[in-house]
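Contents: one structure, followed by commentary.
Since every read-out is calculated from the coordinates, none of them should be taken as a lab result. Note that this is a predicted model, so its numbers are computed, not measured. Cβ sites come from the backbone with ideal geometry, for glycine too, and all protein chains shown count toward neighbours.
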Amino acid sequence: MRDSQAALTETLRRLDALLQKAGKDRSDVVDVEALSYESGVPPEVVTVLLRGESVPEEAFGTRIRSRITHLRETRRRPDGNRYSYNEIGEHFGSSGAAISAIVNSGGRSGPLAATQAGIESFFFGTPNGFLSAETAPALDTALQPVLRELERADDSGQDGLFGFDDVRGGALRRAQGLPEHSWKVLNATLKALLEQDELEDDR
């Protein structure tokens, strides 16, 4: 499995663990169309990635062109029409013709970093890497609000499990979803701290 999919795999593992605790399944919280909207990844590709499968990555330029097209289709003007290339370009001092050339070029390379940042700033208010993000990381980013909402619900449902009302309580609750190797590191750290505390008490 490629490194670019590691974060998505971990997010899905945590998501499923929280859903299992809540007695729910993915269909209760995961909306393929909404994830496609947020990530720029086509719905059919989102479905494949959610199954834990990998997909071929588009060439850099192809990915950026498809994301620009996606943004123009899904983030429209108040009157329902698509933003023109001129409107987008004027936002950061470029021309509509230059942006149109990027979308219609068919080449493997993408726009200059400043152009990419300008287009992202037009649609999101700030550059955020949306246009160039690889497929799996883009979906992982779109899943984060879903995961955070499940974690908040899990925290609120376990307020009585840990005797801390500060950051320690939340940290301990989230630690329940750690993978095995991370548990071993945490366990060793806590053991060392407890042993150190006992030594200080004996002095």
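Structure values in brief
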read-out: Selection within region 116-136 - buried (at least 17 other Cβ atoms within 10 Å of the Cβ) and within 12 Å of R75 (Cβ to Cβ); value: I119, E120, F122, F123, F130
read-out: Members of region 107-136 found to be under 18 Å from the mean Cα position of the chain (by Cα) and aliphatic (A, V, I, L, M), listed by number; value: L131, A133, A136
read-out: Verdict on V30 being in contact (Cβ under 8 Å) with a residue 60 or more places away in the chain and among the β-branched types (V, I, T); value: yes
read-out: Residue in region 2-12 that is in contact with a Gly (Cβ under 8 Å, 6 or more places away or on another chain) and surrounded by fewer than 16 Cβ atoms within 10 Å (Cβ to Cβ) present; value: yes
read-out: Subset of region 39-68 that is farther than 16 Å from T11 by Cα and charged (D, E, K, R) - its residue that is surrounded by the most Cβ atoms within 10 Å (Cβ to Cβ); value: R67
read-out: Residue pairs meeting the criteria (Cβ under 6 Å; at least 6 apart or on separate chains; first of a type in the set (F, W, Y), in region 45-60; second assigned to a loop (DSSP other than H, G, I, E, B)); value: F60/G110
read-out: Number of the condition not met by L19 [criteria: (1) without any contact (Cβ under 8 Å) to a residue 12 or more places away in the chain; (2) over 14 Å from D140 (Cα atoms); (3) outside any loop (DSSP other than H, G, I, E, B)]; value: (1)
